[in-house]
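Notes follow once the structure below has been shown.
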Amino acid sequence: MKKLLLIIALLGFSLSFAQSLEYTKGKIYQGDTQLSTFETKELMKTDLKAQHLFKKAKSKESLGGFLLGLGIGTTAADLVMGLTSDREYPTAITYVGVGLIAVSIPIISGRKRMIKESIDIYNSNLQEQNKTLGSNFELNMVNNSNGFGIQINF
């Protein structure tokens, strides 16, 4: 009974570190738990390319969201000023707001693809690291300034 519990505990412990990430409906899951942005960045520290792409997507998301909010706010503020005063309604503020909204759309558009791509890169490298000794054993001949040699990687 003790051996069975030990095997189950070791198997569960090893599987908890080897779980891949899933991106569904704009949220990132590891197994059944949803991960925050900070937790995702911490997990991706082992793969710098995936982490860089994830951070780039998140910065695009924040910049695009800021520009979109600023554009909507300036357009709405000018609309309210036009309705409550005797001014002409479409002023330069409205055109600036519409321009900010138009600029934010291409910035925001590629973020989901970049997040999905970063998770795919992370998952593919995670599967490569889970190889056993027999499948990732390499024997190479190397040459350097000291001469020839044999390099063994396992």
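Derivation of every value follows stated rules applied to the coordinates shown; laboratory data play no part. Quick caveat, the model's predicted, so the values are computed rather than measured. Don't worry about glycine lacking a Cβ; one is built from the backbone with ideal geometry, like all the others, and counts go over all protein chains shown.
What to note about this one:
- With a Cα cut-off of under 16 Å and a minimum spacing of 8 residues unless on different chains, the lysine pairs in segment 17-127 number 28.
- For segment 17-127, the C-alpha radius of gyration sits at 1.48 times the compact-globule guess of 2.2 N^0.38 Å, with N the residue count.
- Each of S62, Y29, G73 was placed along the dipole of segment 17-127 (beta-carbon charges, centred on the mean Cα), and the one lying farthest toward the positive end is Y29.
- Between A76 and Q30, the modelled label-to-label distance comes to 3.7 nm, taking each label 7 Å out from Cα in the direction of the beta carbon.
- FRET efficiency estimate (nearest 0.05) - Cβ-Cβ, S20 to L139, R0 35 angstrom: 0.70
- A simple charge model with +1 on the Cβ of Lys and Arg, -1 on the Cβ of Asp and Glu and nothing else charged puts the dipole of segment 17-127 at about 340 debye relative to its Cα centre.
- Rounded to the nearest 0.05, the FRET efficiency derived from the C-beta distance between S124 and I152 at R0 = 30 Å is 0.75.
- Full-extension gain in nm, L83 to I108, via 0.36 nm per residue minus C-alpha separation: 5.9 nm
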